[in-house]
1. Given B:Gly77, B:Met44, B:Met30, which one lies farthest toward the positive end of the charge dipole of chain B, if we put +1 on the Cβ of every Lys and Arg and -1 on the Cβ of every Asp and Glu?
2. Highest GNM mean-square fluctuation, chain B, Cα pairs closer than 10 Å: which of B:Val201, B:Val95, B:Val189?
3. Quick one: length gained pulling B:Phe16 to B:Met30 fully straight, 0.36 nm per residue minus the C-alpha distance?
4. Would you mind checking the stretch A:123-142 for residues with the amide N under 19 Å from a putative spin-label position 7 Å along Cα→C-beta of A:Thr90?
5. Any idea how far apart A:Thr333 and A:Asn349 come out in nm if each label point goes 7 Å out from Cα toward Cβ?
6. Once label points are set 7 Å from the Cα along Cα→Cβ at both A:Asp97 and C:Val9, what is their separation, rounded to one decimal in nm?
7. For C:91-98, what's the mean count of beta carbons from other chains sitting within 10 Å of each residue's beta carbon?
8. Given all pairs of different Cα atoms, what value in angstroms does the Kirkwood hydrodynamic radius of chain A take?
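We did not get these values from a lab; they are worked out from the coordinates using the rules stated. Owing to the predicted nature of the structure, the values given are computational and were not obtained by experimental measurement. Methodologically, a virtual Cβ is constructed for each residue, glycine included, from the backbone with ideal geometry; neighbour enumeration extends over all protein chains shown.
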Amino acid sequence: MKKHHLRKNILALLAAVAVGTGLSISIAAAADLIVARAVDADSLDPDKTSTTQSLQMTNLIFDTMLTMDKNGSLHPGLASEWSVAEDGKTYTFTIRDGVKCHDGSVFDASGAKARIDRAIDPATVNPDRSLWGPITGTSVEGKVLKVSLSEPYSPFLSFLTGIQAGFVCPSAFAGADFKPIGTGPFKFVSWTRNDNLQLEANAEYQNFNPLIENPGKPHIDKLTFKVIPEAVARMAALRSGEADVVEPSLEETTDLKSDSNFKIYAAELSGQQVLAAFSWKIKPLDNPEIRKAIGMAMNRDAYANIAFEGLVNTSNCPVAPKLFATDDELCATWGAEYDPDGAKLIMENAGFTAENPLKIKIIAHKLSGWDQMHQIMQQDLAAINVQAEIETREVASHFDHMTNENERTDGAPFVWTMGMSGVDPDYLNLLWKRPGFVNMGLNEQVDAMLDEQRRLSGDARAAKIHEIEKYLIQNTYTVPLLSPGWNWLMASSAKVEGFKLGFMVSLLFNDVTLKQ
Amino acid sequence: MTSTIQTSVQRRHLPFSVALGLGLAIVIIMASLLSPYLMPFDPMRMAAGPRLTAPSMKYLFGTDEFGRDLFSRVLIGGRLSLGIGITAVVSGLLVGGLVGLFAAFSGRTIETVLLRLIDVLYSFPDTLIALALVAFLGPGIGNATLAIAISLVPFYARVTYGLAAAERAKPYIEAARLARIRSGRLVRVHVMPNITQSLIVMGTLGFSSAILSASGLSFLGLGVQPPSPEWGAILAAGRNYITKAPWILIFPGLAICLTVLSFNLIGDSLRDIVDPRRKGRS
Amino acid sequence: MLFLISKRVLAACGTVIAVIMLSGTLIHLVPGDPVTAMMAQSVSATPEAMAEMRAKLGLDLPIWQQVLLYLGQVLQGDLGTTIRGNESVATLLLQRLPNTFALAVSGLGVALAIGIPLGFLAAVNRGRIADTAVMIVAVLGVSIPAFWLGLIMMQVFSLKLGWLPVAGSSWRNIILPALTLGLTYCALVARMTRSALIEVLNEDYIRTARAKGLREHEVLLVHALRPALISIVTVVGLVFAYLLGGQVIIENVFSWNGIGRLAIQAMLERDYPMIQGFIVVFAISVVIVSMLIDIVYGFLDPRMRHR
């Protein structure tokens, strides 16, 4: 009797296994896509987060007011038309008819007004508040939304194409708890933090993004994001077919490239720039000569080729390549070239010898490629009598920490690294205007130049931006290192077609189909 | 106590595993101590060889992603890993020992309260205590060592208390008490010498768990930071090469395994005598 | 018996309260000002928000009052909110607790399934090569860093053989992490089984049984193993606690969505309320399990029953 029971159980178990495998086949047959990432979003509210990992998700749920093509020209989005007043202080947007939120409500000009009012409300505590510009008021006349500024802010329109400016529906923030309701290509289904996020295609979607071909509903029905922190496990998931699209490990990307079973995607429009910066308030790094020597010691080619496995490029400007006014060759003439011998000489003249090295910290966040880069950097610095100790944290806590560190005027001097991305060089303003991002603001002169470029447009603005970049580089407040630097690579199995990476490494799934 | 240990070893017939453990431990300790003379390359020098070369006669354990010689790194890493282990064990033993002795000879109320507290902490796995502490203290070799040392305190306090309490029950202590010898002197002169050897035995057991904790912390990025060649840190930094260059993962992993194994083998056969945990938990 | 149970429950409550109070003080280990350390990026850390946080934690109060404040909040089921995301720590932890328990129980099952036969084998061959070999293999298990073993198992079973999935929280996903944990902690079980069995085999009634001419396997399986298993019950709580601890890292390797994942994430992000909440929930789990086991042991062991 007992034995019989056991056999029955085993049969049931086998049946369950069969159902299990059958299930996984049927999942693959439906138009579902599974994407594995290393880090989860920390919020789905675009006004509460500024990490790339979060904005990649919000950008699927929310649309932007305007869109941008590969060449940086503006195109319609939620707004079908827009205009700027002569004085550059008033913007009007005509909101498109018949745009529906995921909950069925209509998205109109008053909805857009409510959304902007929320973004700039101090009570929202929006980390990207300064990117919205000096907005003084919003008003609605029929389909037209009017936004008034206290002074001209030329990057405003490009900001409205970016993933930080997703347009949340008013019903999303009507209650006490935020609900991810937007007008974007995917509807929110469920989210288990640090495990999975489920989205489904928005059947009524109308696309206006010029980077996307599909005019309507995304071809795939369900989109699941899984969080798999271990790169080893993520790669195994891709190889075993458990995931269709993954963030690959840098270490294996070159291997995947030469394997016809997989595809590699690298964002061309990342807008990302990796920088080194200094504790310029602390001796002896208050001396621009010493900072310059440290910059001259940094072997950026090795960072790109060894630490990042040759998958990124060195870059010379404080703003990412391909953004407005960025001229890498021009920046190269301002920055110091790699010259460890010259750098060592400067350090020795300043009294730092092999016996009496300058002791500093390299403060950084953990991230694939970056960790390796800091180790090479440490060795570079050792060659010019700078003894550096590496101190790392997770991305978010790194920036918490830097907020305090950048205020210090004594104690241990440090070099630190960071990455910034955007669709417009105006992010210089976010970073360097006092108090600046994590208190990295510089001085009155820089503040004035940064404000000035916001008021200018066209060539005059480009010239002003070059002036700022020249100032930052020649005084070695920053050493531009690489571009891009994070989340810019994706890998998929060969059956995935039409996957694209947009501006600021946004993930575009609208055109994705699965080849059987 | 010495004789108890000896007879128990004889009784248990485990000399082979003890010998194996001792042999391994001696080789590992000697290799770490002599590492500066044994290393064929500078363990920190990048491009000492081509990147990611498989083990060969020239690069015994292969090279890592920076072209550093892994054999040299694992050798010198032994100093770091063993160093963390020894520092943590000695300080944990010292503090835990004092707490345990104090509990045993401090009078009823303090004894009960202290013992209760020790038992509470003792019910937590030590790796977890270290992890929680590092989360608050911040990463780095110093904080990791401190956290591991603290994580061992409950274990050592409990062990010392057990030994001291057993000793306390012996007639000679009763006699000494009657002779009005003060507690401090009593502990120093009579109790300490009698339990030291057992404590050293327990030290070896704490050592292997300290090494494992350290490698776990490094693996999670909360412990020793790269480019330090601590074994867990090498493993953590090289884990993404598991398919491309598995040797970066295999050799430091083996080093951890063998070290922990050797001390476990030594400690294990001796532990039954002194570990209160096996003497029936109430 | 009833007295024993109530005494055990009372002790468990005391333990939990002590752990809550200890975890309440942990925030003071953070170098510098805890509030500054806790608040998110400067852009969002307004002075008002910082003041609110300071008041919530009672950081201006003397430390014993802070601890009591924390204890009071926790006893009302309030473990605070996370720094990033501002979600209820208690809710997040409780959502994932079932996953963690499922993995711990499966891991324990594997550890018992491997450990008991190994210990049995060692005990009956006491002093012989088989004994030494078995115990060395068992010790090897505890000597392997679990995360290392996990990575290697993943390479072999998921990638090379393609038998088992890599990540996720379905029932097939539990196999690899449970196996990893079981292999790591089976040594504890094997060791305990061995010594318990050896102890029983020295008892008079076993000698009597043998003298009565019972067959050896009957002596071992019927008369010796059963009482030995009862005393193994006592280590189950201990193994369970260690398993839960080791699981923290393993959950991360296998992307298992338990409280260990949550804890490591919080540790890396320095989400202090979450870490404190994790410690409290972990402690309560361990205490409840070991209390239950003690009570079960009380029922199983005839000597205890008559006390």
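1. Ranked along the dipole, the leading option is B:Met30.
2. B:Val189
3. Roughly 2.9 nm would be gained on extension.
4. Once the point is set 7 Å along Cα→Cβ of A:Thr90, A:134-142 turn out to lie under 19 Å by backbone N, inside the stretch A:123-142.
5. Distance between the two pseudo-spin positions: 2.4 nm.
6. Using points 7 Å along Cα→Cβ, the separation is 7.1 nm.
7. 1
8. Kirkwood hydrodynamic radius for chain A: 24.6 Å.
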